[in-house]
1. Please report, as a whole percent, how much of the solvent-accessible surface of the stretch 269-361 comes from carbon and sulfur atoms (probe radius 1.4 Å).
2. Would you mind checking the pairs K219/K254; K46/K274; K219/K243; K185/K258 and listing those with alpha carbons more than 27 angstrom apart?
3. Of the candidates W75, W184, W320, which one comes out as most mobile in a Gaussian network treatment of the chain with C-alpha springs shorter than 10 Å?
4. Applying a 10 Å radius around every beta-carbon, put 188-197, 96-105 in order of their mean neighbour count, most first.
5. Take every Cα pair under 8 Å in the stretch 1-109 that's 6+ residues apart, average their separations, divide by the length, and report that relative contact order as a whole percent.
6. Given all pairs of different Cα atoms, what value in angstroms does the Kirkwood hydrodynamic radius of the stretch 56-130 take?
7. Normalised by the number of residues in the stretch 10-258, what is the relative contact order in percent for Cα pairs under 8 Å and 6+ residues apart?
8. What is the log10 of I(q)/I(0) for the chain, computed with the Debye formula using one identical point scatterer on each Cα and no solvent, at q = 0.06, 0.10, 0.12, 0.13 Å⁻¹?
Amino acid sequence: MVTNLKVMPISHWLPKIDNPLLISGPCSLESEEQALSTARELAKDKRVFVYRGGIWKPRTRPGMFEGVGSIGLEWLKLVKQETGLMTGTEVANAQHVEECLKAGVDVMWIGARSTASPFVVQEIADVLKGTDQIIMVKNPVNPDVQLWVGALERLNQAGLKNLVAIHRGFTPFSESKYRNFPNWKTVIELRRLLPNLPIICDPSHISGKREYLFEISQKAFDIGLDGLMIESHIDPSCALSDKDQQVTPAELAKILDKLVIRYASSEDPQFENKLELLRGRIDGIDHEIMEVLAQRMGIVKQIGQYKKENKVTALQINRWAQIMEDRSRLAEKLDLDDAFVKALFQLIHEDSVRQQSEIMDQD
Ligand code: PEP
Ligand code: MN
């Protein structure tokens with residue numbers, strides 16, 4: 001299915017932006033004082049554009065802090081009035097959306113658990129129809145790019161064009177370093193499917209621990225994502241949710257200072273010339289690789305003919321094991337990634353067997 005969403009760049013609703021979009025604020029709003037004191041600190045850092053604060057919290061188990069509810073909307077209004085920051089919160093049903101529209105919340109986002117439910121997304125899209133609301137969609141908890149695209153399509157079909165995707169990682173299947181494992185392949189796939197869609201990263205929910213925020217944020221910039229949503233709390237040790245992953249506004253500033261922001265291209269002509277040169281060399285090498293592959297296939301076909309005449313099978317397991325062992329040894333010597341070389345030869349071998357089987361099936 002070809003998707004062609006009509007989406008606007010972030011600069012459409014945030015004209016003064018010339019840097020990546022940075023959204024920050026507490027996981028949950030807890031009190032007027034906590035909401036405002038965090039916002040005041042964040043607003044001093046001119047890199048922060050949007051203040052986030054969860055008020056309806058989707059918790060995995062009941063009985064945990066489930067958010068302050070609608071009163072939080074009043075605090076978001078105060079934050080906006082006092083600091084001038086745009087405000088945002090998570091919405092999970094029609095009533096949340098209606099209340100946010102009334103309260104003038106600038107940015108709404110659909111959480112990972114809700115994106116996984118097309119019913120919920122449709123319900124939200126139906127209420128937003130006819131508005132030009134900024135709406136962000138976190139990836140679903142399971143690594144299904146189609147579900148993520150589907151949610152964006154539902155919103156787009158309701159006429160919403162100010163869309164942003166948020167990568168917040170996926171539920172791990174086993175013990176893992178990160179709370180939710182990042183899957184950059186899926187993000188790159190989303191970018192390929194929807195090239196105009198802004199995509200930002202939520203390193204907080206990927207990391208689960210504040211010490212990993214920097215490495216995940218840098219990775220997001222390295223692959224060219226358009227911004228970050230990082231949880232920040234005036235006093236993380238007292239946070240009622242996601243304590244271990246929140247940072248103070250001062251710690252956030254330190255992380256931002258260290259990050260290298262990368263751009264899609266450079267204005268330096270020297271850079272362009274050098275890139276052009278190196279790309280030319282890559283093109284040449286790729287052509288050589290393909291010619292050598294074609295030669296290899298020629299020999300594979302000769303062997304196929306020979307096996308056929310001698311009634312020998314196309315697949316020879318021992319030979320295959322030998323090849324893998326030998327190529328793996330060479331990979332180490334050449335400093336190539338072992339898994340990559342194995343996957344490459346797996347593909348080459350599969351196609352060789354296919355070609356030989358075809359020869360055998362011809363009469
Ligand atoms: C959140 O942003 O606080 C949140 C609950 O995120 P997610 O939907 O990614 O779990
Ligand atoms: Mn959180």
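The values are calculated or read from the model by the stated rules, or taken from the named source; none is laboratory data. Keep in mind that what you see is a predicted model, and the values were worked out from it rather than measured. FYI the Cβ positions are ideal-geometry reconstructions off the backbone, even for glycines, and counts take in every protein chain you see. These area figures cover heavy atoms from the full protein model, side chains too; ligands, DNA and RNA do not enter into them. Shrake-Rupley method; radii C 1.70, N 1.55, O 1.52, S 1.80 Å.
1. Carbon and sulfur together cover 58 percent of it.
2. Working: K219/K254 17 Å; K46/K274 34 Å; K219/K243 23 Å; K185/K258 25 Å.
Distance filter (> 27 Å) returns K46/K274.
3. W320
4. 96-105, 188-197
5. 23 percent
6. Evaluated on the stretch 56-130, it is 13.1 Å.
7. Numbers: 488 pairs, mean separation 45.1, N = 249.
For the stretch 10-258, the relative contact order is 18 percent.
8. -0.32, -0.73, -0.92, -1.02
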